[in-house]
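The values are calculated or read from the model by the stated rules, or taken from the named source; none is laboratory data. Nothing here was measured: the structure is a model prediction, and the numbers come from that model. Don't worry about glycine lacking a Cβ; one is built from the backbone with ideal geometry, like all the others, and counts go over all protein chains shown. Calculation scope for accessible area: heavy atoms of the full protein, side chains included, ligands and nucleic acids excluded. Shrake-Rupley method; radii C 1.70, N 1.55, O 1.52, S 1.80 Å.
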Amino acid sequence: MERVILHCDLNNFFASVSLLYNQTLLLEPVAVAGRVEDRHGIILAKNEIAKKYGVKTAEPIWEAKRKCPNLYILPPLYDKYEEFSLKAREIYLRYTDMVEPFGMDECWLDVTGSQLLFGSGEDIAEKIKNDIKNELGITASVGV
């Protein structure tokens with residue numbers, strides 16, 4: 001039997017979670033970055049709006065601000081990122097016990113044995129995306 005593997009990636013994870021706690025900035029270009037004062041003033045994540053300005057992960061804040069002068073910089077919320085990462089994994093575990101994390105925001109899932117219960121790989125991918133959106137308030141990309 002051919003294996004059915006899903007790759008789940010929480011979209012713009014740090015920025016998406018941070019924006020849940022800063023709803024007034026939902027329509028603004030936003031980046032999560034370290035503190036300039038601690039010499040960690042680089043972009044850790046950005047939302048889609050900031051991406052359109054050319055803001056890139058790992059670039060210095062000053063460079064990102066040059067591309068996007070109205071960029072809002074949010075501090076990291078590591079405890080929240082860990083919480084959401086664990087909640088996403090709980091959702092994955094509803095569909096399979098074969099979950100391989102890859103960082104905080106990505107996982108590989110073997111759903112070969114889950115298809116009789118939940119449908120095709122594509123069906124499971126769609127269910128996971130919906131569960132993440134409805135329960136966590138963020139989006140995910142799930143490839144089969």
- Lysine pairs within the chain, Cα separation less than 16 Å, 8 or more sequence positions apart or different chains: 12
- When the chain is fully extended, how far beyond the present Cα-Cα distance does GLN115 get from GLU90, taking 0.36 nm per residue of separation? 7.2 nm
- Probe 1.4 Å, all protein chains present, accessible-area order of THR24, THR139, THR96, largest first: THR24, THR139, THR96
- Largest first, how would MET1, MET98 line up by accessible area (1.4 Å probe)? MET1, MET98
- Message: Test of understanding: what is the full-extension gain from THR139 to ARG3, defined as 0.36 nm times their sequence separation minus their Cα-Cα distance?
- Response: 46.4 nm
- Item | Förster radius 22 Å - calculated FRET efficiency between ASP79 and LYS127 (Cβ-Cβ, nearest 0.05) | 0.20
- Using a 1.4 Å probe over the heavy atoms of the protein chains, calculate the carbon and sulfur portion of the accessible area of the chain as a whole percent. 55 percent
- Item | Label point distance in nm, THR24-TRP108, each placed 7 Å from Cα along Cα→Cβ | 4.4 nm
- Message: Distances longer than 24 Å among the Cα atoms of the chain: what percent of all pairs is that?
- Response: 38 percent
- Message: Could you tell me the relative contact order of the chain? Use alpha-carbon pairs under 8 Å, at least six residues apart, and round to a whole percent.
- Response: 32 percent
- Using a 1.4 Å probe on heavy atoms of the protein chains only, the accessible area for SER120 in Å², nearest 10, reads 40 Å²
